[in-house]
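The values are calculated or read from the model by the stated rules, or taken from the named source; none is laboratory data. Not measured: the values here are computed from a predicted model. Don't worry about glycine lacking a Cβ; one is built from the backbone with ideal geometry, like all the others, and counts go over all protein chains shown.
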C-alpha cells in the first residue's frame, strides 16, 4: 500500500501534466484562429502643425477610427492592446515611427470602436523639421495577450496621408485636456465647430 506522500506526489504529477497538455492545446488552437479584424482609419483633421522652440516640428491630428476587433478574441484571449502609429521616412531616418493613440481592451464586447473624432493621445514630434508636406502612413497595430501561449500581433496600414505644406498660424490653441466645458465649446467654435473629442 502506497504512503500518503507517494499518493500526493502522484496527484501533483498528474495535475501538472494535465495542465501542461491543456496549455499546449490552447496554444495550438490559436494558430488556427484567423485574425480578420475589420479596421478603417481616416485622417479627420490636421488641427495644427508648428515648429517648436527647439526647432523640431510638432503636429496635432484628429482621426476617425471605425474598427471591429471582435474577431481577434478567442477563448484564450486575456486582453487586446491596440495602438495607432504614424510612420514616415526622411533623408535622415529611413523609418520614423511615432505612437499617436492606444487602448487596452479586456472584453470582447468592448472591441467595437466607433470614434468619429479622436485626437492624438501622444505628441507627434519630428526629430527635425520634416513634417510639412510629409506623406505618412497611419498603421494600426494590435497585440493579443493570451492566458497561455505566445503573444500574437498584427497590423493594418493606411497610406496616402499628406500633411499640410505650411505651418499653422501663430496663435494659441488651448490644450484639450486642460479645458473646462465652456472653454471646450469656445475652442470648438474657434476650430470650426468640430465634433466631440474622444479618446
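Residues in the range 14-31: is at least one modelled with pLDDT of 75 or more and under 30 Å from residue 125 (Cα atoms)?
The answer is no, given that none of the residues of the range 14-31 is modelled with pLDDT of 75 or more and under 30 Å from residue 125 (Cα atoms).
Which pairs have Cβ atoms under 6 Å, sit 6 or more apart or on different chains, and link a residue in the range 1-26 that is at positive phi and exposed (fewer than 11 other Cβ atoms within 10 Å of the Cβ) to one that is in a helix (DSSP H, G or I) and modelled with pLDDT under 70?
As it stands, the answer is none, since no pair meets every condition given.
Test of understanding: among 49, 39, which residue is in contact with a strand residue (DSSP E or B) (Cβ under 9 Å, 6 or more places away or on another chain) and either more than 20 Å from residue 168 (Cα to Cα) or without any contact (Cβ under 8 Å) to a residue 60 or more places away in the chain (or both)?
Result of the check over 49, 39: 39.
It is to be established whether one or more residues within the range 125-148 are free of Cβ contacts under 8 Å to residues at least 12 places away in the same chain, out of contact with any strand residue (DSSP E or B) (no Cβ under 7 Å at 6 or more places or on another chain) and surrounded by fewer than 17 Cβ atoms within 10 Å (Cβ to Cβ).
no
Note down all Cβ pairs under 6 Å where the first residue falls in the range 150-169 and is touching a residue at least 60 places away in the same chain (Cβ under 8 Å), the second is in a loop (DSSP other than H, G, I, E, B), and they're at least six residues apart or on different chains.
Here the result reads 154/35; 163/131; 163/134, each pair linking the range 150-169 to a residue that is in a loop (DSSP other than H, G, I, E, B).
Taking into account only those residues within the range 149-180 that are in a loop (DSSP other than H, G, I, E, B), modelled with pLDDT of 65 or more and touching a strand residue (DSSP E or B) at 6+ places or on another chain (Cβ under 9 Å), which is surrounded by the most Cβ atoms within 10 Å (Cβ to Cβ)?
163
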